[in-house]
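K.L.:
Handing you a structure now.
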Amino acid sequence: MNLLRREFFARSAHEVAPDLIGVTLLVDGVGGRIVEVEAYDQDDPASHSFRGQTLRNAVMFGPAGHAYVYRSYGIHWCLNVVCAERGRAEAVLIRALEPQHGLEAMWSRRGVQAERSLCSGPGKLCQALGVTGAHDGLPLDEPPFELRARTEAPTIVTGTRIGLTRAADRPWRYGLAGSPYLSRRF
DNA sequence: ACCGCGATGCACT
DNA sequence: GTGCATCGCGGTG
């Protein structure tokens, strides 16, 4: 599956999510391989698209393969990949990655921390990679974004999603087995 | 280890 | 006014 093709993302978020584990995500050359994601679909009370289109979530309604960036708790930014299309607004939340490229930029943006905490959470990851609302709606196959296909098939673990109050029992969290860069252990 | 809380923007009731 | 797809800090076991 060619990551630069829109067809990769024009599938259900439940198919795309595990396929993103191990994929390298860069923003202006800063990033690493994705180790944790969550899927959200339109029949999902926890999804921003559940109640229909608004100004904030408009990007979720397509086209696929673009970044949906929203502000969380008034402070943090969170990065999603838009999936599906044809009115089915789905997305995959990028929750954690393994810092591999541009470590100096990450350190300066995040402040002095343990390396494992540079990108171990959706808000941390956006801060480390410099993702903000200015990236909302931008295609992921063009600069400043870059995606690189994985070279090995990862061992994937699943679990329930983090931090939800609604639909908290759905096992739509995916992670790279054994990675020390997860936001939480599975 | 876990628990509580404050910071802060914005969609929604 | 309330609740959140969060994080970091400070308290207690």
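K.L.:
Of these, A:ARG71, A:ARG109, A:ARG95, which one is touching a Gly at 6+ places or on another chain (Cβ under 7 Å), among the basic types (Lys, Arg) and buried (at least 20 other Cβ atoms within 10 Å of the Cβ)?
P.N.:
A:ARG95
K.L.:
Let me ask you something else. If I filter the stretch A:14-46 down to residues being crowded, with 23+ Cβ neighbours inside 10 Å and not hydrophobic (A, V, I, L, M, F, W, C), which single residue comes out as nearest to DNA strand C (Cβ to nearest atom)?
P.N.:
Looking at residues that are crowded, with 23+ Cβ neighbours inside 10 Å and not hydrophobic (A, V, I, L, M, F, W, C), I get A:TYR40.
K.L.:
A follow-up question, please. From the list A:PRO139, A:PRO154, which one is touching a residue at least 24 places away in the same chain (Cβ under 8 Å), more than 16 Å from DNA strand C (Cβ to nearest atom) and surrounded by fewer than 17 Cβ atoms within 10 Å (Cβ to Cβ)?
P.N.:
Values: A:PRO154 fails: surrounded by fewer than 17 Cβ atoms within 10 Å (Cβ to Cβ).
Result of the check over A:PRO139, A:PRO154: A:PRO139.
K.L.:
Something else now. Is there any pair linking a residue in the stretch A:62-75 that is free of Cβ contacts under 8 Å to residues at least 40 places away in the same chain to one that is in a strand (DSSP E or B) and more than 13 Å from DNA strand B (Cβ to nearest atom), with Cβ under 8 Å and at least six apart or on different chains, and which?
P.N.:
Correct list of pairs: A:GLY62/A:VAL82; A:GLY62/A:ALA84; A:GLY62/A:GLU85.
K.L.:
Let me ask something additional. Find the residue count for the stretch A:1-40, including only residues that are in contact with an Asp or Glu (Cβ under 8 Å, 6 or more places away or on another chain), at positive phi and of a type in the set (D, E, K, R).
P.N.:
Residues that pass the stated criteria total 0.
K.L.:
Is there a residue being assigned to a loop (DSSP other than H, G, I, E, B) and either within 19 Å of A:ALA167 (Cα to Cα) or at pLDDT below 90 (or both) anywhere in the stretch A:18-39?
P.N.:
No, the stretch A:18-39 has no match at all.
K.L.:
Within the stretch A:132-166, how many residues turn out to be among the hydroxyl-bearing types (Ser, Thr, Tyr), within 16 Å of DNA strand B (Cβ to nearest atom) and touching a Pro at 6+ places or on another chain (Cβ under 6 Å)?
P.N.:
Within the stretch A:132-166, the first condition is being among the hydroxyl-bearing types (Ser, Thr, Tyr), and the residues that meet it are A:132, A:151, A:155, A:158, A:160, A:165.
Applying the additional criterion that residues be within 16 Å of DNA strand B (Cβ to nearest atom) yields A:132, A:160, A:165.
After this cut, where a residue has to be touching a Pro at 6+ places or on another chain (Cβ under 6 Å) as well, the list is A:160.
Matching residues across the stretch A:132-166 total 1.
The values are calculated or read from the model by the stated rules, or taken from the named source; none is laboratory data. Remember, predicted model here, so these are calculated numbers, not experimental data. Cβ sites come from the backbone with ideal geometry, for glycine too, and all protein chains shown count toward neighbours.
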